[in-house]
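One structure below.
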Amino acid sequence: AHVARLKIEGFIGDDRRLQDAIDRARRDPAIRAVLVAIDSPGGSVAGGEALHGALARLGEAKPVVAVMGGVAASAGYMAALPGARIFAREATVTGSIGVILQSFDASELLGSLGVRPETVASGAFKDQPSPFRPLTPEGRQQLERVVRDLHEQFVGRVAAGRAMPVERVRDLADGRVFTGREAMRLGLVDAIGGEAEARAWLAAERQVPAALPVREIELRSFAERTFGA
């Protein structure tokens, strides 16, 4: 028997290997609880959704506790939401509840170079956004529609995970970041602390002995561990 530690670091994408590792941990009877150690500035919306879903399924089988490091923002914060308890350092940077879509317009630069792009698209919005021409007002409306829907999905996950009214979450979901201390005051995290405090909580509230060893959930194959740099 042991406690597993799952590290979520860097950009969060739709990582099939990570999701498979979480599902294996869910089925492993030797794992009594899982510490999700997060140090991530975020990632794609779909990647955050997939990770959130995998951790939510894990949490239905055994205790899951999120432990935030230096940064747990955007999709990194989304990954913490399935935790039965969320710990953050006072100086953790978290929050950033929002969605961003960015492009650029290089049409003037191309024009100055004498380059004129030609586009054949099946519909008026197929090539928007495009670096080859300005975004039209109609194209902007369509992209804003998508961003709003993705944002509402994020808000819904926060409201469900933190048992907060949706309107309260919307007040906080304007993309700003919070320190861990601010996040605790706002109800976005549960307590200030790290892995030691998480282990103490698991022992007191979930009867997971503090003496159990902690083992990393390894994402690399045996060959990668043996021969990788």
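The values are calculated or read from the model by the stated rules, or taken from the named source; none is laboratory data. Nothing here was measured: the structure is a model prediction, and the numbers come from that model. So basically every Cβ, Gly included, is an ideal-geometry build from the backbone, and we count neighbours across all protein chains shown. Ligands, DNA and RNA are stripped out before the accessible areas are found, and what is left, the full protein with its side chains, is counted by its heavy atoms. Shrake-Rupley method; radii C 1.70, N 1.55, O 1.52, S 1.80 Å.
Summary of computed values
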| read-out | value |
| --- | --- |
| Candidate set: the range 80-137, residues that are over 30 Å from residue 7 (Cβ atoms) and charged (D, E, K, R); chosen: the one least open to solvent (accessible area, probe 1.4 Å) | 127 |
| Any pair with Cβ under 8 angstrom, 6 or more apart, that starts in the range 123-137 at a residue that is acidic (Asp, Glu) and ends at one that is in a loop (DSSP other than H, G, I, E, B) | 127/119; 127/121 |
| Residue under evaluation residue 195, criteria (1) open to solvent by 40 Å² or more (accessible area, probe 1.4 Å); (2) in contact with a helix residue (DSSP H, G or I) (Cβ under 6 Å, 6 or more places away or on another chain); (3) more than 23 Å from residue 100 (Cβ to Cβ); (4) touching a residue at least 60 places away in the same chain (Cβ under 8 Å), criterion not met | (2) |
| Which numbered condition residue 45 misses (of (1) crowded, with 19+ Cβ neighbours inside 10 Å; (2) among the hydrophobic types (A, V, I, L, M, F, W, C); (3) modelled with pLDDT of 95 or more) | (3) |
| Residues located in the range 1-21, provided they are without any contact (Cβ under 8 Å) to a residue 40 or more places away in the chain and closer than 24 Å to residue 94 by Cα | 9, 10, 11, 13, 14, 15, 19 |
